[in-house]
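The values are calculated or read from the model by the stated rules, or taken from the named source; none is laboratory data. Keep in mind that this is a model prediction, so the values were computed, not measured. Cβ atoms come from the backbone with ideal geometry, glycine included; neighbour counts cover every protein chain shown.
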């Protein structure tokens, strides 16, 4: 299978965003964009939406209600013990635990959700077109078979929008 | 482009009518029931002072973080700061009401009370007013410097005033941390001189920042509805409601921590404070306080559908102003009056002070162009866009 890609490397965010809008307008299909830090505009330009925040809210709700129910069950129903004359349902002191456990629940479940959705797991063979995107460069890749259309050459467009480098590369999963 | 806010005649008359009606009730209640009148005076003056101080803290944070998004709204908190000197004059009047409010000010009570004698090097009338004057001098100087720097920036341009504003803001938040903490200890906590809580000043400081910011948001929205601030967009609303959301959580954190630690520690000299606020009819207020100041903002400012909606944010901001009243009512009234009373006196005082605050803020707002001219981040603010 021909897995050749055209890779455009950019120096800064503004040049990248201009190039993204330009190539989209000319009808090229962007394969993927790699940036050193998250850029919301990129997610928007790629036509992607996230329901992640809503999932996190549900995890928080589950965590808070779950831990409160658990503490109520253990401290009041199953094993009521008198601590220093407090009522067995010492609700104000439950809240502190509930806050901490809610944060833990949201963190862990969000991590798993994200890993599952992005198909990331330990020992995965990854594709990294240009290692400099983990440093200070912004990298845009195009599938070569999709990068030819009648709006002119892709390389010229990318260069015109300030790409510091455009090259071709066959992508292979790395270990 | 020099848009100045025009104060309509109707608004002016309404504000003056509120002040006059309030003044009539205030005078009457001082004759009829001075103790209750002093409690109301302290409550309302402290409340509107806290809104002004909260607004000054809001603008200081914007300067220090060099926020771009908020720069076009900075006249609003600046106008609110104009209330500080007026509240200072009113606060000095407490001199005549000390015996009604603070029982540590009564020599007869102190003579029979070892704890108050021990605290008397700090809690005595001359030092109380020396501190009060020092606090107000610090606030008046700093708010004036911030306001003048902002106006000079309009006139002269350049980066100098931008940098100066940031420097003044740093000094201001440092001074506020000390002065406002002691101010809340002095004026509110010493109503019950036997009780003490170190979280008290933090809670009151955050409450001032919280409700001051909510008032800034409310004034911005009202001006937007009147045709000013046409550039106000969903991104600004998102940032404003993030402030409310973040602050309601911090307020809830401090208010709850103070309560929970005292409840759990269960030491009589500390629990007396909340014992008083759970019995004699204050229990409902205790819960409604958490409902208005934490739960409702938390729930309504969470989803983006609601927190970008101007009407929803406006409703929450109005609610929060009453939230601040309720919070202070719960702190002051059990100590002074002993039981929850609410009537024409309370309403009259609130209307009078609200009228005064509106009048002064509107005057200060109309005195300068509504949108600052030479702020370096102005363009960013006018076209603010977050995703």
Handout entry: Within segment A:129-144, tally of residues that are outside any strand (DSSP E or B), in contact (Cβ under 8 Å) with a residue 60 or more places away in the chain and either closer than 23 Å to residue A:172 by Cβ or in contact with a strand residue (DSSP E or B) (Cβ under 6 Å, 6 or more places away or on another chain) (or both)
Key = 8
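For segment B:146-170, enumerate the residues that are within 20 Å of the chain's Cα centre (by Cα) and crowded, with 16+ Cβ neighbours inside 10 Å.
Of segment B:146-170, the ones within 20 Å of the chain's Cα centre (by Cα) are B:146-147, B:169-170.
Those that are within 20 Å of the chain's Cα centre (by Cα) and crowded, with 16+ Cβ neighbours inside 10 Å: B:146, B:147, B:169.
Restrict the check to segment B:212-235 and report whether at least one residue is over 24 Å from residue B:5 (Cα atoms) and touching a residue at least 40 places away in the same chain (Cβ under 8 Å). Let's see the steps before the verdict.
Taking segment B:212-235 first, the residues over 24 Å from residue B:5 (Cα atoms) are none.
Scanning segment B:212-235 turns up no residue that is over 24 Å from residue B:5 (Cα atoms) and touching a residue at least 40 places away in the same chain (Cβ under 8 Å).
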Exercise for the section: Please give the number of the condition residue A:21 fails out of (1) out of contact with any strand residue (DSSP E or B) (no Cβ under 6 Å at 6 or more places or on another chain); (2) more than 14 Å from chain B (Cβ to nearest Cβ); (3) crowded, with 16+ Cβ neighbours inside 10 Å. Expected result: (3)
Practice task
Looking only at segment A:21-54, count how many residues are in contact with a helix residue (DSSP H, G or I) (Cβ under 6 Å, 6 or more places away or on another chain) and at pLDDT 90 or above.
Solution key: 2
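Residue under question is residue B:284, and the condition is that it be at pLDDT below 95, within 12 Å of chain A (Cβ to nearest Cβ) and in a helix (DSSP H, G or I); does it hold? Please lay out each step first, then the result.
Details: at pLDDT below 95: yes; within 12 Å of chain A (Cβ to nearest Cβ): no; in a helix (DSSP H, G or I): yes.
Answer is no for this residue.
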Problem - Residue list for segment A:145-175, filter: modelled with pLDDT under 80 and under 18 Å from residue A:129 (Cα atoms) - result: A:145, A:146, A:147, A:175
Practice task
Scan segment A:76-91 residue by residue and report those that are in a helix (DSSP H, G or I) and within 14 Å of chain B (Cβ to nearest Cβ).
Solution key: A:91
Handout entry: Residues being more than 25 Å from the chain's Cα centre (by Cα) and either assigned to a helix (DSSP H, G or I) or crowded, with 17+ Cβ neighbours inside 10 Å (or both) - total across segment B:230-277
Key = 13
Fill in the blank from the handout: Taking first residues from segment A:92-117 that are away from every other protein chain (no Cβ under 14 Å) and second residues anywhere that are loosely packed, with under 13 Cβ neighbours inside 10 Å, the pairs with Cβ under 8 Å that are 6 or more apart or on different chains are A:110/A:52; A:113/A:52; A:114/A:52; A:114/A:120; A:115/A:121
Exercise for the section: With the condition kept exactly as written, say whether any residue in segment B:319-341 is within 13 Å of chain A (Cβ to nearest Cβ), in contact with a helix residue (DSSP H, G or I) (Cβ under 6 Å, 6 or more places away or on another chain) and part of a helix (DSSP H, G or I). Expected result: no
